1. Output the residues belonging to the range C:275-297 that are facing another protein chain (nearest Cβ under 9 Å) and buried (at least 23 other Cβ atoms within 10 Å of the Cβ).
2. Can you name the residue in the range A:58-76 that is of a type outside the set (Asp, Glu), surrounded by fewer than 21 Cβ atoms within 10 Å (Cβ to Cβ) and part of a loop (DSSP other than H, G, I, E, B) and is also nearest to the other protein chains (Cβ to nearest Cβ) among such residues?
3. What do you reckon, is residue B:86 assigned by TED's automatic domain parsing to the domain that holds residue B:270, of a type outside the set (Phe, Trp, Tyr), closer than 22 Å to residue B:256 by Cα and out of contact with any Ser or Thr (no Cβ under 8 Å at 6 or more places or on another chain)?
4. Could you figure out which of (1) more than 9 Å from every other protein chain (Cβ to nearest Cβ); (2) more than 19 Å from residue C:249 (Cβ to Cβ); (3) assigned to a helix (DSSP H, G or I) isn't true of residue B:140?
5. I'm told residue C:253 meets every condition in (1) in contact with a helix residue (DSSP H, G or I) (Cβ under 6 Å, 6 or more places away or on another chain); (2) under 28 Å from residue B:143 (Cα atoms); (3) assigned to a helix (DSSP H, G or I) except one. Can you identify the failing condition by its number?
6. So, in the range A:160-182, exactly how many residues are within 21 Å of residue A:209 (Cα to Cα) and touching a Pro at 6+ places or on another chain (Cβ under 9 Å)?
7. Only one residue in A:7, A:65, A:26, A:45 is closer than 23 Å to residue C:137 by Cβ and touching a residue at least 60 places away in the same chain (Cβ under 8 Å), so which one is that?
8. Could you check, for the range B:109-118, whether at least one of its residues is surrounded by 13 or more Cβ atoms within 10 Å (Cβ to Cβ) and either among the hydroxyl-bearing types (Ser, Thr, Tyr) or over 30 Å from residue B:202 (Cβ atoms) (or both)?
Amino acid sequence: MLSVTDVRKYFPIKEGLFIKKEVGRVHAVDGVSLEVRAGETLGIVGESGCGKSTLARCITGLHHVTAGRIEFDGKDIATLDPKAFRRDVQMIFQDPYGSLNPRRRVGSIIADPLKIHRIEGDTRKRVQELMALVGLNPEHYNRFPAEFSGGQRQRIGIARALALNPRLVVCDEPVSALDVSIQAQVINLLTDLQDQLGLTYVFIAHDLSVVRYVSDRVAVMYLGQVVELAVGEDLYKTPRHPYTNALLSAASVADPDLSAKRERIVLMGDVPSPINPPTGCRFHPRCPKARERCVAEMPLLIDSGNGHLTACHFPVQPGEHLTSEHPQIQQQSTEPQL
Amino acid sequence: MFRFVIRRVLFGVLVLWLVATTVFLLFFAGPADTVARRLAGPRAPQEVVNQIKDSLGLDRPLITQYFDFLGNLLHGDLGISFNSATPVSTLIGQSLPGTIWLVFGAAVLWMIGGIAGGVLSATRPRSVRDRVTTVLVLAGISMPTFVLGMLMIYLALSVFPWSGLRPGPYVSPLIDFKAFLQVMIMPWICLAVVQAAVYVRLTRGSMLDTLGEDYIRTARAKGASERRVTYKHGLRAALTPVITQFGVDIGTLLGGVVVTESVFGLQGLGQLMIRSVRDGDLPVIIGAAIVAAAFIVVANIVVDVAYSFLDPRVRLS
Amino acid sequence: MSLTEAQAEAEHLPEQPPGVPGKGPWRLAWERLRRDRAAMISLAVIAVIVLLALLAPVFAAITGHGPQDQFPSEGVTPEGLPVGPSATFWLGADGLGRDLLVRMLYGARISLFVGIVSTLLATVFGVIIGMVAGFYGGWVDTLLARVLDVVLSFPYLLVAIVLAAVYGAGLPLLIFVIAFFSFAAMARIVRGQTIAYREREFIEAARSLGAGKVRTMFVDVLPNLIAPVTVLASLLIPTSIVFEATLSYLGLGVDPRTPSWGAILYEATDYYRVAPGLLLFPALMLLITTLAFNLLGDGVRDALDPRADRR
């Protein structure tokens, strides 16, 4: 349904009083390829700053890509009629407080897409239907966002995204701003809606435990690149990339299913700057398995059978024991020290 | 740092050049006769108009006049007053001491009053003290300067004539110190009251912001006395915006304390401008306006450079 | 769980009969303003002043004194001094034997007219220009921001003096100068606010729905600007009134024969030692007017943003 081919998005950094000079680029998304199949949920996980939100905005057409191609139903989205494209692809935002205009009534917020796309018919009736669909009291269309709780606001955002009957919905960390007790409710609503309306989701999150419940397949991102992509169960049972292992071990603290099996792997250092990313494998400065080859050569995303893709020269084998120790390798002088 | 200063000065020069050019175009653009008539005023006889046209060379192409104008400016030559036939630079030089004495004398008063008032109300927000200050500030801001000045003169002359205070032209303190005080005290107070209102607001807001910062809480938690927290930690940080405003105000006021000078008849730069407008003495207006602009630009540069010493982040933006 | 639990969550709302619109931000602000005693008194005072200004011709008819009529015999004593308050001249007469009260009421018309018209002009242009610059950004915005900084660093009195010297003083010039400087202040605030809102997620949400830039600006940005714009506008009115009076006092404002408060006060200069009313009455009226507008402005600010401390 949606295919992303070697997409790159760089943000220029400008400096200067009158004439702005480009002094650098943030490599937010740096060569991502993946596919979203009709009816599935593709999860995308990664730490903040790994480029997952930028990728989401490229997919929904909010950012123009620097290079690469995004195709929807086989057609490049850059050439599609923007209005028609927006009807099919919608987005749910992270912040239920920031994504609703505080000065407008909920009814008019949800009706926005109908007004913008000049859809005929009884707008108020349609708005009330949508509110009921997402579990809001339809009588509350006259209220302001401030009168709703965080979970209810996220439902408003969902109703707005569904107003145009889209086929693909990109959910950008839809629950990470919510209380844990509310998260499950919103996630359940999203899965119910998927069954009811036959939606396809791209579901972005920064921790694996949330993605696990909703996703058919999961992509793990690190510094603008996909490092591992596999069917959910596969990824959780046999993670092959050291970074995925580290993420899972971090998630296991809150997840008793996992904690029994795994030792906590603590990554060394911080995520390097995307302005000047490391050479070779992006993960090598923090990787417990890094060797010289990882500094010199960028690993490609390779299928190790049944669609399990990994970008690593030395993937983790089943049963292998990873340590938190960081090997001393010859660092190249170009490596940014932050 | 050095680059920042250079950049700031160049921007200042650019602004001054724009001001000079704008003023030049406002007065000199148009057919020679129209310009001469504009400079002479609507009531002047035709001979005067012709004389002005000849003496200023208004027949020449505009661009030649413009470069002459800029060249003279660079030499400090601001032309000759129509009315008194004295060089404009002399008139401005004569009027400057009064303005400078007025501004700096009042500055002392308003800084003391403004900062004290701001601190007093910020240290006890929502107290009676704070509310009284707020009302006084609002009254000060609502009070037009000239009304305050007129009321002061009325009180001095009709109610307290024994005070000896009187409106009148500036007298040098070196010549007659008593007379100097008699004419300066009222303008000082008048200007200071109006300015102090702004400074109380500014200090109070800035103090409240600073006292809400984490490091102030840390200082309190460490057990520093309230007095020490307020004055050592709070006030010092809170004064930065106040100092900035002070620099800008000094520049603006030196460029013409028009109202205060006019009400009290102090005959400083501001009153010189007003009088020249009433008399249609355009060379004086042009000269005074450019001098005033220079004061403002210089003050802004000084403030920016001083500020960048205090807060290095400014240089980056 | 799902939908049933979701509905349970919806039920957590404070009970309100269905269909009743919630109290929006404007309703709440108005309710807060109504509890602010100083602001309500100011509002009443302003209403009285506006009424008096509207009724100026009625007062002229009752007293039989037009604003320009001179009464050299009744209004001036044989020694040439203006008469004090009396049954015919309620607040006394000025040096030319004109009725002070009638002139003050006509002066109120000028003051309110200048204050409101220039603020209105400044608001309309300031909001549009500031919003477009802030929303579109780019070099136009950079240039505009610089120009506004330079304009605002210059004292408006100085500019008014130079312009009066070139074009001659008068009401249109006065309104232009006041509106221009108010416009700069308004445009700067609106631009800053727009830039802050431009980065908010609900603007991005509008974009993801396919909304055009113009629609986004007016439907999504503008409603959020109303609060700061209202506050600034309510404080610009008294500033404009003071400015008009000051310029008229300096002889750079309205035609000196027009009864404006500034001009009345200027004419009082020669007489107020013998007739203090000529100074005190108009000064008091001017002060009450500006104070009322300033108090109301402060109240509006507090009502629209209850968290912000008074600055």
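1. C:282, C:283, C:286, C:289, C:290, C:292, C:293, C:295 - these are the residues of the range C:275-297 that are facing another protein chain (nearest Cβ under 9 Å) and buried (at least 23 other Cβ atoms within 10 Å of the Cβ).
2. Only one residue fits best here, namely A:62.
3. It is false that residue B:86 is assigned by TED's automatic domain parsing to the domain that holds residue B:270, of a type outside the set (Phe, Trp, Tyr), closer than 22 Å to residue B:256 by Cα and out of contact with any Ser or Thr (no Cβ under 8 Å at 6 or more places or on another chain).
4. Condition (2) is where residue B:140 drops out.
5. Going through (1) in contact with a helix residue (DSSP H, G or I) (Cβ under 6 Å, 6 or more places away or on another chain); (2) under 28 Å from residue B:143 (Cα atoms); (3) assigned to a helix (DSSP H, G or I) one by one, residue C:253 breaks only (3).
6. The number of residues fulfilling the criteria is 3.
7. When all the criteria are applied, what remains is A:26.
8. Within the range B:109-118, not a single residue is surrounded by 13 or more Cβ atoms within 10 Å (Cβ to Cβ) and either among the hydroxyl-bearing types (Ser, Thr, Tyr) or over 30 Å from residue B:202 (Cβ atoms) (or both).
The values are calculated or read from the model by the stated rules, or taken from the named source; none is laboratory data. Every value quoted in this text rests on a predicted model; they were computed, and no experiment measured them. Every residue, glycine as well, gets a Cβ built from its backbone with ideal geometry; the counts of neighbours run over all protein chains shown.
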